[in-house]
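Worksheet: one structure, shown below.
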Amino acid sequence: MVRLVIDGQSVEAEEGWTVLEAARHYGVEIPTLCYAEGLSPYSACRLCTVEIISRGRSRLSASCSYPVQEGIEVRTNSQKVRRARKVIIELLLASCPNSRTLQCLASKYGVTRIRFRPEDRGCILCGLCVRMCKEQMQAGAIGFANRGTGREVAVPFHAKSEVCRECGACLYICPVCELPCPGPLQPGQLCNACLDSLQLEAFPCKE
Amino acid sequence: MPKIESPQSLERYREILKSEREKYRATVSVCGGTGCQAHGCEAVYRALEGELSARGMKESIELKLTGCHGFCEIGPLVVIRPQGIFYRQVKPEDVPLIVEKSVLGVEVVDELLYQLPDNGKRMVREEDIPFYGKQTRLLLKDNGSIDPRSIEDYIVQGGYAALAKALFEMDPDGIIDAVDRAGLRGRGGAGFPTARKWRACRAATARDGIKYVLCNADEGDPGAYMDRSLLEGNPHAVLEGMAIGAFAIGACEGYVYVRHEYPLAVINLHRAIEQARGLGLLGKNILGSGFDFDVNVSLGGGAFVCGESTALMASIEGRIGEPRVKHVHTAERGLYNRPTNLNNVETWANVPLIINMGSEQYAMVGTEKSKGTKIFSLVGKIRNTGLVEVPMGITLREIIYDIGGGIPDGGKFKAVQTGGPSGGCIPESLLDTPVDFDSLYEVGSMMGSGGMIVMDETTCMVDIARYFVDFLCGESCGKCVPCREGLKQMLYILEDIAGGRGTMEQLDLLKELAEVVRDTSLCGLGQTAANPVLSTIRYFEDEYVEHIVEGKCRAGVCKPLLTFLIDPEKCTGCLRCRKQCPVGAISGRKKEPHLIDQERCEKCGICLEVCEYGAVVRK
Ligand SMILES: Cc1cc2nc3c(=O)[nH]c(=O)nc-3n(C[C@H](O)[C@H](O)[C@H](O)COP(=O)(O)O)c2cc1C
Ligand code: FES
């Protein structure tokens with residue numbers, strides 16, 4: 001067993017767990033987007049960023065791939081973490097303004113404005129569909145193409161792949177391709193409907 | 001030549017080679033580096049070849065095309081040894097005179113000597129020239145005298161003696177200790193202690209006994225060519241370093257990852273590997289020691305991000321060159337999931353030097369925490385562009401003014417950027433900062449792999465930040481959100497500010513965003529990508545504010561902020577600017593003052609250039 005501190009609580013975790021797994025085991029909530037149980041960690045959305053203090057040094061790190069280590073202290077809600085998380089949600093919203101998942105995350109984590117230039121791309125490149133297809137469906141029909149801001153999820157040669165069985169797992173796991181948030185939103189506008197509700201976990205508009 | 005099977009036969013071979021060369025009265029070296037190639041050194045080489053054979057001197061004069069001599073600004077360079085006469089900007093027509101006077105005779109050709117810019121004094125020898133005199137050329141010294149195509153040349157200069165010493169007089173731990181005592185730190189950017197890395201890889205268990213050593217020759221920084229010059233000019237030094245490292249770590253296989261845009265480096269490297277194998281200096285049972293080690297060359301597509309260690313390994317394996325999280329160190333699971341040690345080209349080239357010089361001697365050069373020398377490619381608004389090797393701890397001022405010769409054309413220094421695209425800009429007030437890993441980091445920049453770009457008053461700092469962020473935006477692999485989306489939004493804000501549309505809130509947002517990108521990105525690219533922005537805001541915030549509040553770009557770079565006006569007092573009405581204006585924004589009749597229509601003006605500045613009366617002003 002590995003002993004560590006999460007948000008002031010001393011806890012024990014199993015060797016090989018990630019910080020995210022340990023936190024969830026003890027009911028500490030850390031938001032994630034590109035993580036899914038059963039798929040390999042990809043650590044790209046950085047939403048699960050936490051502050052890790054190890055040997056007197058503090059740094060931000062993605063908890064979904066950070067292995068628990070003896071004696072480290074994890075802070076999931078420090079000021080540093082909150083600031084980074086808000087900026088990341090804002091960045092994501094600028095690239096997918098109408099995603100309901102992102103709108104709900106904004107309400108939940110107190111993001112009340114988007115200061116960036118919105119550019120709807122309809123995809124946050126979390127790679128869940130790519131990993132789902134490859135790792136769970138053993139198909140590998142989709143992958144990433146291009147670099148930098150031109151990166152996209154694509155099928156080889158832009159034609160339906162022969163290995164695709166149309167199982168729909170990619171759609172099932174996609175966090176942003178559900179119906180857009182129902183409100184009368186312009187790109188760059190925030191719904192924030194549940195911002196004031198005390199039961200923030202309730203996600204009322206998800207029902 | 002059969003394989004060399006013991007250190008003794010290596011020494012014997014060296015003696016034979018040396019005595020074979022005694023027949024030469026003199027050596028003429030032509031620089032064949034990238035810079036001199038562009039200046040036409042091949043033609044000079046061929047002219048020399050023709051001239052020497054026409055005069056029947058091929059047997060008594062050695063002629064060779066070497067690697068980069070460093071002073072690329074004034075190429076093609078020709079050096080005649082043993083006199084050490086240094087000729088610059090040599091043209092094929094100069095060759096007969098050179099041979100007549102300096103090879104046959106003992107005179108020098110005055111016109112081809114380097115002249116001091118201040119007083120016009122002519123310098124005969126390389127070491128008399130301040131550009132060279134102030135350098136400490138430990139790694140580059142052989143670049144100007146070795147033919148990189150010839151392993152014999154390398155051996156004559158003492159090559160592979162360090163490998164023989166390491167294999168027969170030292171044990172692996174002893175070698176690592178020697179590198180440790182020498183204080184060698186990685187030259188690829190981060191300055192990580194090399195011995196610590198080697199020790200970790202040596203300690204790692206390989207499930208099938210296979211470990212790798214890799215050489216990072218991706219060199220993605222625009223304008224940098226240190227690693228290229230080392231590989232092109234002295235490939236055996238890198239191979240010898242890798243073999244010593246492999247022996248210390250317990251690796252049996254090595255890869256050099258080199259970008260395909262470096263064809264000459266690739267050719268020279270392949271040839272060097274073949275030659276070393278032929279002599280038994282690579283391959284099975286090296287020098288009869290029982291140690292096996294061989295090197296492969298892996299060609300990269302030239303992406304900047306492929307220089308990152310995990311992306312580089314993915315790329316060698318044939319996967320997309322994309323970084324991954326590194327919680328398990330590559331020393332334990334790297335290439336093909338086997339223990340792997342990656343070092344930069346220059347780091348490897350330092351290794352034979354340490355073994356030959358001895359750690360203590362080596363550690364005399366440099367500062368307490370940064371030992372040895374560092375090669376920089378000095379470019380930008382600087383008189384002496386070129387490759388310079390300096391002892392760690394030298395100040396930026398010494399590099400820029402004493403070696404670099406200062407700013408040309410009466411310009412005034414503004415900033416120096418070190419560390420490549422993700423380095424920082426350092427202002428005049430910090431020019432006395434010593435050049436070492438820690439000091440550069442403290443001032444908000446970094447050593448990087450050795451790019452050094454000098455900027456003068458005609459450079460706008462907002463524009464520079466915009467330029468680097470734009471470059472990094474294109475080079476980001478696009479995997480993680482802060483780097484992909486964050487850099488893009490940083491670019492938008494910088495474009496707004498440079499375009500006169502920026503607000504003070506945006507400046508604060510830029511700072512906040514840059515810090516988040518730095519703190520949360522997945523790999524080193526994103527983690528350092530904010531440096532150009534943060535360092536320019538730190539030292540040149542007034543320029544940002546000027547753009548935003550006053551709508552002014554003092555360097556005259558940001559076009560939307562410029563206004564071109566015609567002074568009616570000075571304008572003679574010559575029609576010149578009116579005719580040249582590409583958008584027809586200038587009106588006015590002959591002999592009457594002209595007027596620029598500000599709505600139509602595209603700020604190209606042509607009117608300013610063509611006006612002979614100084615009547616056009618830029619504000
Ligand atoms: C985006 C990025 C690009 C890099 N490019 C290079 C490069 O071109 N050459 C290099 O030697 N190291 C580069 N590095 C550093 C390498 O990851 C690695 O630290 C280095 O090769 C280790 O060698 P060293 O310890 O000898 O410096 C890069 C790192 C990052 C994050
Ligand atoms: S959930 Fe950890 S980076 Fe996306």
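The values are calculated or read from the model by the stated rules, or taken from the named source; none is laboratory data. Here the structure is a predicted model, which means the values were calculated and not measured. With ideal geometry, Cβ positions are generated from the backbone for all residues, glycine too; neighbour counts draw on all protein chains shown.
Observations on the model:
- Filtering the range A:53-62 to residues that are farther than 20 Å from A:Glu15 by Cα and surrounded by fewer than 16 Cβ atoms within 10 Å (Cβ to Cβ) leaves A:Gly56, A:Arg57, A:Ser58, A:Arg59.
- Where a residue in the range B:453-474 is more than 16 Å from B:Ala514 (Cα to Cα) and its partner, wherever it lies, is surrounded by fewer than 20 Cβ atoms within 10 Å (Cβ to Cβ) and charged (D, E, K, R), with Cβ under 7 Å and at least six apart: B:Asp456/B:Lys412; B:Glu457/B:Lys412
- Considering only residues in the range B:265-286 that are among the small types (Gly, Ala, Ser) and surrounded by 24 or more Cβ atoms within 10 Å (Cβ to Cβ), the one that is farthest from B:Leu239 (Cα to Cα) turns out to be B:Ala265.
- Residue in the range B:583-604 that is touching a Leu at 6+ places or on another chain (Cβ under 8 Å) and on the phi > 0 side of the Ramachandran plot present: yes
- Residue match in the range B:235-254 (condition: touching a helix residue (DSSP H, G or I) at 6+ places or on another chain (Cβ under 8 Å), within 14 Å of another protein chain (Cβ to nearest Cβ), more than 16 Å from ligand 2 (Cβ to nearest atom) and not basic (Lys, Arg)): no
- Considering only residues in the range A:74-88 that are crowded, with 24+ Cβ neighbours inside 10 Å and in contact (Cβ under 8 Å) with a residue 40 or more places away in the chain, the one that is nearest to A:Ala22 (Cα to Cα) turns out to be A:Val74.
- Inclusion of A:Cys45 among residues that are in a loop (DSSP other than H, G, I, E, B), at the interface with chain B (Cβ under 8 Å from one of its Cβ atoms) and on the phi < 0 side of the Ramachandran plot is warranted.
- Filtering the range B:473-496 to residues that are in a helix (DSSP H, G or I) and either at the interface with another protein chain (Cβ under 7 Å from one of its Cβ atoms) or modelled with pLDDT under 95 (or both) leaves B:Cys473, B:Gly474, B:Glu475, B:Val481, B:Pro482, B:Arg484, B:Glu485, B:Gly486, B:Lys488, B:Gln489, B:Tyr492.
- Here B:Arg324, B:Arg333 are screened, and the one residue that is assigned by TED's automatic domain parsing to the domain that holds B:Arg259, at pLDDT below 95 and surrounded by fewer than 18 Cβ atoms within 10 Å (Cβ to Cβ) is B:Arg333.
- Looking at A:Ser107, A:Ser10, A:Ser65, just one residue is modelled with pLDDT under 95, more than 10 Å from chain B (Cβ to nearest Cβ) and either surrounded by fewer than 24 Cβ atoms within 10 Å (Cβ to Cβ) or outside any loop (DSSP other than H, G, I, E, B) (or both), and that residue is A:Ser107.
- Residues of the range B:109-130 classified as surrounded by 13 or more Cβ atoms within 10 Å (Cβ to Cβ), more than 25 Å from the chain's Cα centre (by Cα) and assigned to a helix (DSSP H, G or I), total: 1
- Remark: B:Cys577 matches the filter, which requires a residue to be free of Cβ contacts under 8 Å to residues at least 40 places away in the same chain and out of contact with any Lys or Arg (no Cβ under 7 Å at 6 or more places or on another chain).
- Residue match in the range B:502-509 (condition: in a loop (DSSP other than H, G, I, E, B), out of contact with any helix residue (DSSP H, G or I) (no Cβ under 7 Å at 6 or more places or on another chain) and within 14 Å of chain A (Cβ to nearest Cβ)): no
- Candidates are the residues of the range B:43-68 that are part of a helix (DSSP H, G or I) and over 33 Å from the mean Cα position of the chain (by Cα); the one that is farthest from B:Met226 (Cα to Cα) is B:Ala54.
- Once the range B:323-365 is narrowed to residues that are within 14 Å of chain A (Cβ to nearest Cβ) and among the charged types (D, E, K, R), the residue that is farthest from ligand 2 (Cβ to nearest atom) is B:Glu332.
- Filtered residues of the range B:515-542 (kept if assigned to a helix (DSSP H, G or I), more than 10 Å from chain A (Cβ to nearest Cβ) and of a type in the set (A, V, I, L, M)): B:Leu525, B:Ala529, B:Val533, B:Leu534, B:Ile537
- Leading residue by the ranking (farthest from ligand 1 (Cβ to nearest atom)) among those in the range B:287-320 that are buried (at least 16 other Cβ atoms within 10 Å of the Cβ) and polar (S, T, N, Q): B:Ser289
- Verdict on A:Val50 being at pLDDT 95 or above and out of contact with any strand residue (DSSP E or B) (no Cβ under 6 Å at 6 or more places or on another chain): no
- Taking the criterion of being closer than 19 Å to B:Asn143 by Cβ and among the hydroxyl-bearing types (Ser, Thr, Tyr), the only residue of the range B:378-415 that qualifies is B:Thr385.
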